[in-house]
Structures are given as C-alpha cells and as structure tokens.
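See below for the structure under consideration.
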Amino acid sequence: QGLLHYFDAWGWRQEGWFAMAMVIGMRVLLVLAGALTFSMAASIVTSPFNDFLADCTERYTTPQLDKVPDTSIMHKLKGIGIDVLKSLAATASGIFAILLSWIPGLNIAALLLTFLLFAFQFLSYPQTRRRIGLVASGRFIFKHPFSCLGFGAALSLLFSIPFVSCV
C-alpha cells in the first residue's frame, strides 16, 4: 500500500501496468527475504540439535572419524559462532544464486550453485563439530565438486517432494 502512495505522489496511476508490476515485484522480494531470513534463523537455532545428530551418527561412519576432543560449553558456543558465519555466507550465496537465476543462460550455473549450497549446508554440521571454518569448508566443496553436486542434487530432489522434506 505504501508503494502505491508514492506512485500517487509522483503523478503515476495506481492502476497502470508499471505500478502493478512494481507491487508484484515487491511482494516477491518480501517473500524471498522472509524465506531466506527464516532459513538462516532456523539453521542457527537448530545448530545444537544438528550437532547432537552429527555426534550420534558419526560412530557409524567408515572410516571412523576422529573423536571431537572437547565437548565443553565454550566448544559448543564456538561451534554456534562458526555455524552463524556459515549461515550468513550461505544466505549471501543464496541471494546471489537467485539473482543469477534470472539471467538467461546463467540459470544453469545458478542451479549448480544451489546444489553446492545444499551440500555446503549439510556437510557443515560434522565440519563445524571439528572447528573447520568457512574457508576450509568451501575448499572441501570445490575439491570434491562432483560428489558435492550429486549430494546437493539428491537433497534438492528430496526437499522438493511435499512432506518428504519434513522428514
């Protein structure tokens, strides 16, 4: 509504196609901003739970992973700090991927970047437990691009199925 008042002040008609396109564009941007904000906040809030899940599943890995040497409260707080930094980086990359997807021809690159972002987000839980930072996590993704693209594509497929994504 506030945007339409600006159109009136500038002498433009509210019923015009440009005004309606601007209103629709602003609504889409607000929905995207809300989704990215929710995703980032959910990642930060669920960080301790995901740390617990990573701890429970690591004993079943082959080859065995090194044990996390310190499980103190300071260790967990540092992990949350690393997770916040990784979530901010993933959110910025997600915004970049959304903008890239609107450019014809480069939308394939945006799709591949989205797959890598899925892999980055889900590989970061065991990495964060071992205090592997943002740069080292990014290096891992680009050192193993095909494995990470496949993992991210599988996650994208699973998250696109209604109700399966909740599980």
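The values are calculated or read from the model by the stated rules, or taken from the named source; none is laboratory data. Because the structure is a prediction, the values reported are computed rather than measured. Please note: Cβ atoms are built from the backbone with ideal geometry, for glycine as well, and neighbour counts cover all protein chains shown. These area figures cover heavy atoms from the full protein model, side chains too; ligands, DNA and RNA do not enter into them. Shrake-Rupley method; radii C 1.70, N 1.55, O 1.52, S 1.80 Å.
Name the single residue, out of those in segment 74-102 being open to solvent by 50 Å² or more (accessible area, probe 1.4 Å), touching a residue at least 40 places away in the same chain (Cβ under 8 Å) and within 10 Å of the chain's Cα centre (by Cα), that is farthest from ALA153 (Cα to Cα). Taking the candidates together, the pick is LEU88. Of the residues contained in segment 35-56, none is found to be open to solvent by 50 Å² or more (accessible area, probe 1.4 Å), modelled with pLDDT under 75 and over 21 Å from PHE115 (Cα atoms).
Evaluation of LYS67 against the conditions (1) assigned to a helix (DSSP H, G or I); (2) of a type outside the set (Asp, Glu); (3) open to solvent by 50 Å² or more (accessible area, probe 1.4 Å) shows that the sole unmet condition is (1). Apart from one condition, GLY105 fits all of (1) in contact (Cβ under 8 Å) with a residue 12 or more places away in the chain; (2) part of a loop (DSSP other than H, G, I, E, B); (3) more than 19 Å from LEU53 (Cα to Cα); the exception is (1).
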